[in-house]
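*Asks:* Input: one structure, supplied below.
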Amino acid sequence: MKQSKRRTKQEMADMISSWQQSGQSKKEFCAEHQIKAHTFQYWYQKYQAEQIPSQAESAFIRLSPAEELSPHYHYTISYPNGVRLQIGREVSSTELLKLMGLV
């Protein structure tokens, strides 16, 4: 029985990059490079999962308000039944939760 060659994480990452640039299907690439299809799929999924966090970190940017809000600014909560709740800035979060529970 022929023993499969064990590849390192870096070797598989390089293989995946080569496959992505090759234009071949996974099946064709695996046959050409003598890699079992399920092994390649395992490493491909692992590679994809590691790429997501780096993309997600750059997906958001920090925003700052253009100007200071006036002290009389109020919040408006509109409920689906048409009820609108307008609240001044001086209302505490505890009071706000109580008011929201009344509607």
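The values are calculated or read from the model by the stated rules, or taken from the named source; none is laboratory data. Since we're looking at a predicted model, the values are computed, not measured. Glycine gets a Cβ as well: all are built from the backbone with ideal geometry, and neighbour counts include every protein chain shown.
*Asks:* Could you list, ordered by first residue, the pairs with Cβ atoms under 7 Å in which the first is in the range 74-101 and free of Cβ contacts under 8 Å to residues at least 12 places away in the same chain and the second is among the hydroxyl-bearing types (Ser, Thr, Tyr) and part of a strand (DSSP E or B), at least 6 apart or interchain?
*Replies:* Short answer, once both residue conditions are applied: ARG84/THR76; ARG84/SER78.
*Asks:* Do we find that ARG89 is outside the structural domain of ASP14 (by TED's automatic domain parsing), at pLDDT below 80 and surrounded by 10 or more Cβ atoms within 10 Å (Cβ to Cβ) in this structure?
*Replies:* Numbers: outside the structural domain of ASP14 (by TED's automatic domain parsing): yes; at pLDDT below 80: yes; surrounded by 10 or more Cβ atoms within 10 Å (Cβ to Cβ): yes.
It is true that ARG89 is outside the structural domain of ASP14 (by TED's automatic domain parsing), at pLDDT below 80 and surrounded by 10 or more Cβ atoms within 10 Å (Cβ to Cβ).
*Asks:* Follow-up question, since we're still on this one. Quick one: ALA31 ticks every box in (1) of a type in the set (Gly, Ala, Ser); (2) modelled with pLDDT of 90 or more; (3) exposed (fewer than 12 other Cβ atoms within 10 Å of the Cβ) bar one, so which box is it?
*Replies:* Only one criterion is unmet by ALA31, namely (3).
*Asks:* Test MET1 against the criterion of being modelled with pLDDT under 90 and of a type in the set (A, V, I, L, M), and give yes or no. Before the answer, list the steps.
*Replies:* Details: modelled with pLDDT under 90: yes; of a type in the set (A, V, I, L, M): yes.
Criteria met by MET1.
*Asks:* Got at least one residue in the range 40-53 being outside the structural domain of MET100 (by TED's automatic domain parsing), of a type in the set (Ser, Thr, Tyr) and at pLDDT below 80?
*Replies:* no
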